[in-house]
Each structure stands twice: as structure tokens, then as C-alpha cells.
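Inspection log for the structure reproduced underneath, given as C-alpha cells.
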Amino acid sequence: MKKWFKHPLAYVAIILAMVCGLIFVLAAVPGFNKLPSGTQNLRVVVLDQDQSSVSKNIATHLENKLPFKMVTATSFANAKRQLNTRQAALIIQIDKGFYQRVTRGQAPKLTYTVNQSNGLLQNMVTKNVTTQVTTQVASQLTTAKVTQMLAQSTGKALMQKQQAVAKQQVKQQLQASLAKSPQLAQQPAQLKKLQQQAIARVKRQQQQRLMPQVKKQAAATAATLTGQVATTTTKLHALPTNYQYQFAPMFLNLGAYLGIMLMSLVLTLMFMSAHHVIGKWSALLAVQLNGFIGVLVAPLVTLGTLRCLISFSSSAFWQLFGVQVLFGLAVFEFTLAIAFLCGGLPSMILQLPLLVSQVVASGAIIPRPALNGFYRWLSTHTPMSQGVYSTFNALYGGANSGYTSALWWLISLSLLAVILIGWLGYCSTKTNPLSRLVPFTAGN
């Protein structure tokens, strides 16, 4: 027993347990520090297709009251593009005819358009927003301000109906004034002034006469609106209700990342031993070829298994295969560069927290806009987020929005780093203890 505890590996095992726990706490927990306030960074597009005084007031009220980045759009096509590229989380559409339905005492219509091809939290927040908006609009329609706007609109309508009567009254008043003072007919300036006075006087008289009727009609219309808002939710990319479908992109890419990372570590150890035997560039070429084969074969197994668990078409399978191969290449070159830089196994000190941090920043749980600055940067410049969003696109729909080009950049820059590190960092002809972990002899 004493000999056992004299061996340094006994204490290395304890240290590994502590370090792994510490890495997960430090890498994952800070990613949630902007929640729930971080969801306020989600963009909600308000599209007012009615353009009436009441709908404009509703749109302004929503922009002031809802705790999100409220933006307006000039057309549904523009708003839909923002939703499809994940620049926006929701479209609130105030339908044409909103005001007419209000004045008729009918429930006005709102249309919500959502993109469910997103992470869990964003879909939950979007659903809650639609409930908040419906409540806000229903309450806003019964406020004194809306009643006043209804009164103004009703007053204008009644005044328009009374235009013929008003013109006749103005004409009569002018004729009466000319009968008293015939010389005014020869004085255009005085006649114009007299006409303006007559118009203003008739308008005041009509307003005083019609005001009780206007107030009564506006109040009656407003009273019928309590709680009456008709809503329709349109799903741009619908997601099945089963949570297997929701979490499939995250676990598919997490498993691929972890497997490829371990593959890159093993191949790095082989390179460190083999480059003394077969030459640096031959060993590096062998590493790349070995990695490429692994990246091609692994998705066929994982996607075949995934298709047994959730349903998706053959075209989606091959689109997903292309995504996984591209994602796998990016992960392989990215993790291989870090492994080469740190000499194989020691790179785990950096690789593990990077993996955990990328899971938080992937978008599968927390949407990008809700992350703090560091995790948002990590989401943009590392492979996991690009792979998760591309998987959502392949399975459920959505615009590319730069994910593919980001992966190609990662592949190119990481491959360049691997070549430079291999060229400059592995010049010694002497083997070290780490290179001997995977022995490679000429007989191999």
C-alpha cells in the first residue's frame, strides 16, 4: 500500500479530478452571467402595415415598453430576411385594417412570425414575448390616449360627412354679410378675410354640436375592445415538439468535436514519435490524411444513428453530412494546431476549457445576443457555434449567414498554423518522454 502512494501517478489522478472540475466551473458558469438580462439584446421587428394613428401608437408603445431591441421594418420581405438570418428573433406584424376593426368594435389582428430553427432559450423567450405583446396591445387599446385618438378620427369622419352642410352655411353667412355691405364685393382682400372668418365660425359651431356625439361613439368603441386581440403565429421554420429534435444539433456537434479533438491528440503523439523515423513532412502528410479519413467516416456512423432516433429526409441527411465534414475539418485543424503548439497531452489544459466554453457559446442553449462580450467573440471565432447553427439549417431550415465561410477560414488559418508549428517547433532529432508514449519504429 505504501508503495502505491509513493507512485506520482496516484497524485496525478487526484489532481486531474480537481482540475477537470475547476475547468468546467470556470469555463461554463461565467457564460450565464448575462441571463436573464442578456435576452434584452434580442431583436424584435415591428412591422406596421396599417399605418393608422392607432397602429402607430401601438407600435411606439411596444418599442417603449418591451425589454428588447425593438426595430421597425419597411416591408415583410425585409423583416423575414432578418428573421431567417437570425438577426431578429420575432416579427410582430400589425395587419392592414387594424384601425378599421378597432372602429367597428371588432378584435384587431396581430400576426407573429417566428423562426424555431434556434436554441432552446431563444424559442422559449420568443413564445413569452408573443404573450406579453398580446397583453400590452389589449390593455393599450382601452387607454384614454387611444380613446382620444378614436375621438379625433371619429370627429374627422363626422366633419367630412357634414362638409356639404358646412359649405352651405359658409355661403349663407357670406351672402348675409354682402347684403349688409355690398361694397365688400369690390374688395377681394376683405372678401377673402370674411370668407375665412365664416369658415372658422362654422367649424367651431360644428365641433361644439358634434362633440357629445363624437365622445359617446369613441367611448363606446373603446369599451368593446377590452381583451379583444386576434393573434396568428406563423412559423418560418417549424421545429417538432419532441425535445430530441431541439437538442440534436448540440449533441451531434459536441460528440463530433470531442471525438475529433481526441483523434488530433493521438495523431499528434504519433507525429512526435514518427517524424524522427519517416521524416517531418511525411509524418505531417500522414497526420492530415489520417485526420481527413476520420472526418469522412465518423459522420456516416453518427448521422446514421441519429436518423434512427429522429426523422429527417435523405436530402437533409446528405446536406447534414456535408456540414459535418466541413465542421469536422475545422475542428480537426483547430485542435491539431493547439495540440502541436502544446506538445500533445499538455494541450488538454487549454483544449478542455475551450470545449466547455464553446458549448455555452454554441447557440444551442443561449442565443448569441444574450451572451457577454467574451463568449460572443468565442461564438464567432471558434468552430462549435458555426457547426450548431449550420446543423439547425440543414435539419430545420435557415439562411447560411456566414457560417460556412467562417469554417473555411478556420480550416485555412489552422492548417497554416499546423504547418508553421511543425516546421519551426519540431526540429530536434532527440526524442522526449511525450513522444515515447506512442512508440513508432522503422518496423512499423
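The values are calculated or read from the model by the stated rules, or taken from the named source; none is laboratory data. This is a predicted model, so every value here is computed, not measured. We place every Cβ from the backbone using ideal geometry, glycine too, and count neighbours over all the protein chains shown. SASA here: full protein model, heavy atoms, side chains in, ligands and nucleic acids out. Shrake-Rupley method; radii C 1.70, N 1.55, O 1.52, S 1.80 Å.
Scanning the stretch 239-260 for residues that are open to solvent by 60 Å² or more (accessible area, probe 1.4 Å) and either farther than 16 Å from residue 364 by Cα or not in a helix (DSSP H, G or I) (or both) turns up 241, 242, 258.
When the residues of the stretch 393-424 are filtered to those that are surrounded by fewer than 14 Cβ atoms within 10 Å (Cβ to Cβ) and among the small types (Gly, Ala, Ser), the one that is modelled with the highest pLDDT is 412. Inside the stretch 2-60, residues that are open to solvent by 50 Å² or more (accessible area, probe 1.4 Å), over 19 Å from the mean Cα position of the chain (by Cα) and closer than 30 Å to residue 81 by Cα make up a count of 5. Residue 263 satisfies every condition listed in (1) modelled with pLDDT of 85 or more; (2) aliphatic (A, V, I, L, M); (3) out of contact with any strand residue (DSSP E or B) (no Cβ under 8 Å at 6 or more places or on another chain); (4) surrounded by fewer than 19 Cβ atoms within 10 Å (Cβ to Cβ) except (4).
Which of the residues spanning the stretch 11-50 are in contact with a strand residue (DSSP E or B) (Cβ under 9 Å, 6 or more places away or on another chain) and not charged (D, E, K, R)?
Within the stretch 11-50, 40, 41, 42, 44, 45, 46, 47, 49 qualify.
Contact map, the stretch 69-84: residues that are on the phi > 0 side of the Ramachandran plot and modelled with pLDDT of 80 or more paired with residues that are in a helix (DSSP H, G or I) and open to solvent by 40 Å² or more (accessible area, probe 1.4 Å), Cβ distance under 9 Å, separation 6+ or inter-chain. No pairs are found. Of all residues in the stretch 61-108, those satisfying the criterion of being hydrophobic (A, V, I, L, M, F, W, C) and more than 23 Å from the chain's Cα centre (by Cα) are 98, 102, 107. Taking the stretch 61-106 as the range and being buried (at least 21 other Cβ atoms within 10 Å of the Cβ) and among the polar types (S, T, N, Q) as the test, only 93 passes. Listed by first and then second residue, the pairs with beta-carbon distance under 9 Å, at least 6 apart or on different chains, first residue in the stretch 395-417 and over 13 Å from residue 381 (Cβ atoms), second modelled with pLDDT under 95 and open to solvent by 50 Å² or more (accessible area, probe 1.4 Å), are 395/319; 396/238; 396/240; 397/238; 399/81; 401/87; 417/341.
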